[in-house]
1. Would you tally the net charge around Tyr61, using a Cβ to Cβ cut-off of less than 13 Å, leaving Tyr61 out, and scoring K and R as +1, D and E as -1?
2. What do you get for Rg/Rh of segment 125-176 when both radii come from the Cα atoms and Rh is the Kirkwood radius?
3. Which of the three applies to segment 26-69, rounded, prolate or oblate, going by the alpha-carbon gyration tensor with a ≥ b ≥ c and a/c under 1.5 meaning rounded?
4. Post the alpha-carbon centroid distance, segment 70-124 to segment 136-181, in whole angstrom.
5. Hey, rough spin-label estimate for Arg66 and Ala158, points 7 angstrom out along Cα→Cβ, what's it come to in nanometres?
6. Calculate the spin-label point distance for Met26 paired with Val93, positioning each point 7 Å from the Cα along the beta-carbon direction, and give it in nanometres.
7. Suppose the Debye formula is applied to equal point scatterers at every Cα of segment 67-135; what is log10 I(q)/I(0) at q = 0.14, 0.25 Å⁻¹?
8. Assuming 0.36 nm per residue, please report the length gained on full extension of the stretch Asn126 to Glu50 beyond their Cα-Cα distance.
Amino acid sequence: ADLRSTAVQKDWHLPAGSSSGSAHHMNTELFVLTYGALVAQLCKDLQNDEDINKELDNMGYNIGVRLIEDFLAHSDVRRCHSFYETVDVISKVAFKMYLGVVPNVICKDPAGDEYSLLLERNPLVNFLEDLPDNHSSLWYSNLLCGILRGALKMVNLATDVCFVQDRLKGDKETEIQIKFLRKLEGSKLMGHK
Ligand code: MYR
């Protein structure tokens, strides 16, 4: 169990600014710092930003296909009946649970196959001011796209997930686009009622 959430439940004293579910959450801080080290290492190992973006997406995918079990086990999420509902759950439940933020969901097309998550705050860049030098095409938080794609694959949804804006690059918003491609056939995940 997590010491801080125990402390919160028991109403123990916590340092100012800390609260469970925020980026001050100890696990999140460790994750964010580790993630920074991972991206720095990939910047050393790979030639261009496109390769780094791809690798982050790929690593995220492998995390996502496993994380979905944890997510379904720790949330009370039922099978969604529309793609909007799914994206809404990603924002309000999954992002809240793992990153302590709730992105705004924006509908990008009337058919309801394309949505964007707008992140007012991106905990992954907490200790970062700028993109690393000479990496203007890097989607720094691209791991998230892979995670979402992998997790959604496991609930039989084929999607395209990518960043289309990032404040780190000087864009106005930080925006992840999620496009529904098709429903997949296959075994249902345990615990996904
Ligand atoms: C459904 O469509 O039936 C509900 C499934 C919801 C899938 C939510 C996947 C989220 C996985 C965790 C992402 C963590 C991002 C930080």
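1. So the surrounding residues net to +1.
2. Over the Cα atoms of segment 125-176, Rg/Rh equals 1.05.
3. It comes out oblate by the Cα gyration axes.
4. 12
5. 2.6
6. 2.8
7. Log-scaled intensity ratios, in q order: -0.54, -1.11.
8. Between Asn126 and Glu50, full extension yields 25.0 nm more.
Values quoted throughout were computed directly from the atomic coordinates according to the rules given, and no laboratory measurement underlies them. Please read all numbers here as calculations on a predicted model, not as lab measurements. Don't worry about glycine lacking a Cβ; one is built from the backbone with ideal geometry, like all the others, and counts go over all protein chains shown.
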